[in-house]
Every structure is written in structure tokens, then in C-alpha cells.
Amino acid sequence: MHRVVVTGYGALTPIGNNTNEFAEALFKGVSGAARITRFDPEYFRTQFACEVKNFVVEDFLHRREARRIDPFSQFALVVSEEAIQMSGMDLETVDKDRVGVIWGSGIGGFETIEAEIRDAALRGDGVDKAPKYSPFLIPKLIADIAPGHISIKYGFRGINYATVSACASASHAIGNAFDAIRLGRQDIMVTGGSEAAVTGAGMGGFSSMKALSERNDDPATASRPFDMDRDGFVLGEGAGALILESLEHAQNRGATIYAEIVGCGMTADAHHITAPHPEGLGAKNVMKLAMADAGLNAEDIDYINVHGTSTPLGDIAETKAILSVFGEKSYDLNISSTKSMTGHLLGAAGAIECIAGIEAIRRQAIPPTINHHTADPNIDPKLNLTLNETQEREVRTVLSNTFGFGGHNSCVALKKFED
């Protein structure tokens, strides 16, 4: 079995358009939530989201190419380029048969689907009014197209596919990429996830489920995990990419190593399509599996970047799971939800939150859970939820939890690299 290390990463988020901007905002406790600018949200119950800001796709892609690619794939290409540059990978000499791409997205080309359905009837031929669809409809919307674009751009001929498991999509992609390397099937993997669901249909659909916060009078504080007055999640968008590499391959080429991935767990709640198991059964099991896979004990874990969406049921269930797994050790952990700043990036969440975990290891500090004002009596007050301010501490090992509609759970275990 090969050890698997992280040699690069890239981020495009509501609080920063690259890894440096993202990390600086993360540890300062910056909120990315604001009134929606992409369309007029006046008639929606929720009128705000965590949008990517000041992003001009033509700064990264030729206009003609960009028009043929849905934003979720545009995001994937942008963060993959940053991650590859950070890794120092030599694209001229690397064995491209040994480089693969596994990418996650919960929805795929949501903007494309919405626009085509809305506009198709208007493009009738004037005789039978048969709707006319763009020839780019299918290639733009399918969730597997993002890893396809990445492989085509760089000529990577290894493993290539997408994972689609709602909000666990990127974590499943990372876990599968981790396995591909440790089993010796690939030397390098580009992995992560992207999502671009801040559209009319995205907002309308989640709002109809009563999943979203409706704090229109104060969007910046709307994502408030663990707070008594939380009223739903804030929809976000963006992408995160990681370059995973076998330790031998990374060392042979003199790569900088930022962290090590040491384990991954995957489970199902088998309970409800949207609600978590009330006792956090799937979450409990997935953390146990990730630690067992990594050869870690409860005493080894320093920080958990929780799923922590700011929903009434989910936050309680996850804290119950932590208490069940860690017992008295729970009170020595730092726990935080970075979704309090980024909002919920759906299928991209796991990648961005793994990057947050890597930055915690690099900085020896825990990013905060912001917007906490009132304690919830259903959440153990002795848990250190890293409320409102960054906390410095020794960080050697991190768990990153992501849970998706359908009961999908994934947990990635990260560790400070030691040769």
C-alpha cells in the first residue's frame, strides 16, 4: 500500500477566488453571504446566497470555449489549473497514463438545464413549433463532463469519472482517488468537486423544501451552525481541487508536500431522503471507519471540520455522533463548520473543507464557526465549537465530514506529513 500525499490544491469560493484569498478570509471569519446578484431574487422567499464574486471566466478560458461549458465545469478547470501549478507537476515529462481525474458534483450543469428548458420552446422553427435544443445541451449538463474537460486539457489518460452523491460528492471523489493511488493504480490524481447551483431553479427548489435560511434582513449572519436560531442552510457555489500523489512519486520529483491523506470512510444512513438519522448513526459509523482505515484512535484526532450546515436537525445529529464516537475525548477536540462562512457548496463542499483542514494543519490553527449568538440546549455546551474566533492549537490530524441527501456519508482523514 502506497502512502498518499497532497502536493497542490486550488479553490474558488464565495470568500476568495484562489487558495490564498480563501484561506485568509477563512481564518478571519469572513461571511460570503449577500443578496443575489445573478438574477432578480425579489419573488423568492430566500433572496441571498454565497455567490462567487468578481469571477470573470474569460480571464481563464477563451470566450468561445467558455460559452460551451457550464459554470460548474468552468469552475473545475480554474481550480484544477491552480492546483496543478501549485504542485509543480511537469506536464512535459509526467507519465500521463499514470495521472487520473475523479471529480464530484451533486447536480452538474444546473444553469444549462434551467436555461434550455426555459428557452427551448422559443426556438421553435415557426412551422410545428417543435422545441429546438442546443447541440451543447447534453455535453454541458452531464455531471461527468468536468473530469472529461480536465483530462482533455492536460492529456491525462488515467482513471477518469465522476462521483454524484449530493453533498458528499467531492469527498467520495477524494476517497476514490486516494484508493487509486494507495493501491498502485495511479501515481497522481486530480480530484475534488464543483457546483454552480445558485440559479432560479436551485434557489426555488431548495426553498420549497424549506431547507434554506430566510434571514433576508441579515444575510451575512444567516449561516449559523449550532446556534439556537438557525433556520436552514445558505446555498453556495464554487470548487476545490486537490493533487494527490504517491509519496514515492512526490519525493522522486522533489515536490512540496502539504499534508497526507491517511483514511476514508463511506456509509449510508438508510433512513430518509433528506433528514439525517436522529442519533447520527451514519455519521458515527463513517467517522469510525475513516479512523480505522487510517489506523487512528479517538485520542489522535485534533480537529473535525463538520458537515455543519446550519439546519435544525443536522447539527444536533452530528454532535450526537461525535459524542458517541469520541466520548470524553470529544471535549478535547476543536470542532468547526466553515459553511458558516462559505455557505453550502453542495457537491463541492468536501473538497473545499478538506482544503480548510489542510490549511488548519499548515497554520496550526482552527478556522471558526462564525455567527453564533445563542446556545442550543440540545447541543452539549462542553463541546468546543470554535465559536466566532480562530483558535491556535497543535493540529496533527483532521477529520472532514460530508453528508448528502439520500443518506450518503463520507469522512476523509488528513494528517500532518512526517517523513
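Summed over region 344-389, residues that are of a type in the set (A, V, I, L, M), part of a strand (DSSP E or B) and in contact with a strand residue (DSSP E or B) (Cβ under 7 Å, 6 or more places away or on another chain) total 3. Annotation note: Cβ proximity below 6 Å between a residue of region 293-316 that is touching a residue at least 40 places away in the same chain (Cβ under 8 Å) and more than 21 Å from Y331 (Cβ to Cβ) and a residue that is open to solvent by less than 20 Å² (accessible area, probe 1.4 Å) and among the hydroxyl-bearing types (S, T, Y) (sequence gap 6+ or interchain) occurs for S310/S223. The residue pairs whose first member lies in region 405-419 and is in contact (Cβ under 8 Å) with a residue 12 or more places away in the chain and within 22 Å of Y303 (Cβ to Cβ), whose second member is assigned to a loop (DSSP other than H, G, I, E, B) and basic (K, R), and whose beta carbons are closer than 6 Å, counting only pairs six or more residues apart or on different chains, are K416/R396. Looking only at region 57-86, filter to residues that are over 20 Å from the mean Cα position of the chain (by Cα) and either small (G, A, S) or surrounded by 22 or more Cβ atoms within 10 Å (Cβ to Cβ) (or both); which one of those is modelled with the lowest pLDDT? Here the residue is A66.
With respect to the stated conditions, L247 is touching a residue at least 40 places away in the same chain (Cβ under 8 Å), among the hydrophobic types (A, V, I, L, M, F, W, C) and touching a strand residue (DSSP E or B) at 6+ places or on another chain (Cβ under 7 Å).
Number of residues in region 4-53 that are outside any strand (DSSP E or B), of a type outside the set (S, T, Y) and more than 19 Å from the chain's Cα centre (by Cα): the value is 10.
Cβ-Cβ contacts under 8 Å between residues 6 or more apart (or on different chains), taken from a first residue in region 1-27 that is more than 14 Å from M86 (Cβ to Cβ) to a second residue that is among the aromatic types (F, W, Y), are listed as V4/F178; T13/F22; I15/F22; G16/F22; N17/F55.
Cβ separations smaller than 8 Å between residues 6+ apart or across chains give the following pairs from region 101-113 residues that are within 17 Å of G158 (Cα to Cα) to residues that are assigned to a helix (DSSP H, G or I) and open to solvent by 10 Å² or more (accessible area, probe 1.4 Å): V101/S151; I102/N176; G104/H172. In region 137-159, the residues that are under 15 Å from P71 (Cα atoms) form Cβ pairs under 7 Å with partners that are among the acidic types (D, E) and open to solvent by 20 Å² or more (accessible area, probe 1.4 Å), at six or more places apart or across chains, as follows: L137/E116. Taking the criterion of being at pLDDT below 95 and either of a type outside the set (D, E, K, R) or open to solvent by 30 Å² or more (accessible area, probe 1.4 Å) (or both), would at least one residue in region 210-221 satisfy it? The answer is yes, given that some residue of region 210-221 is at pLDDT below 95 and either of a type outside the set (D, E, K, R) or open to solvent by 30 Å² or more (accessible area, probe 1.4 Å) (or both). Checking region 310-317 against the condition returns a match, with at least one residue being surrounded by fewer than 21 Cβ atoms within 10 Å (Cβ to Cβ) and not β-branched (V, I, T). What do you reckon, is A356 exposed (fewer than 15 other Cβ atoms within 10 Å of the Cβ) and either free of Cβ contacts under 8 Å to residues at least 12 places away in the same chain or of a type in the set (A, V, I, L, M, F, W, C) (or both)? Taking the combined requirement at face value, the residue does not satisfy it.
The values are calculated or read from the model by the stated rules, or taken from the named source; none is laboratory data. Everything numeric in this text was worked out from a predicted model, so none of it was measured. Backbone-built Cβ (ideal geometry, glycine too); neighbour counts: all protein chains shown. Only protein heavy atoms, including side chains, enter the accessible area calculation; ligands, DNA and RNA are left aside. Shrake-Rupley method; radii C 1.70, N 1.55, O 1.52, S 1.80 Å.
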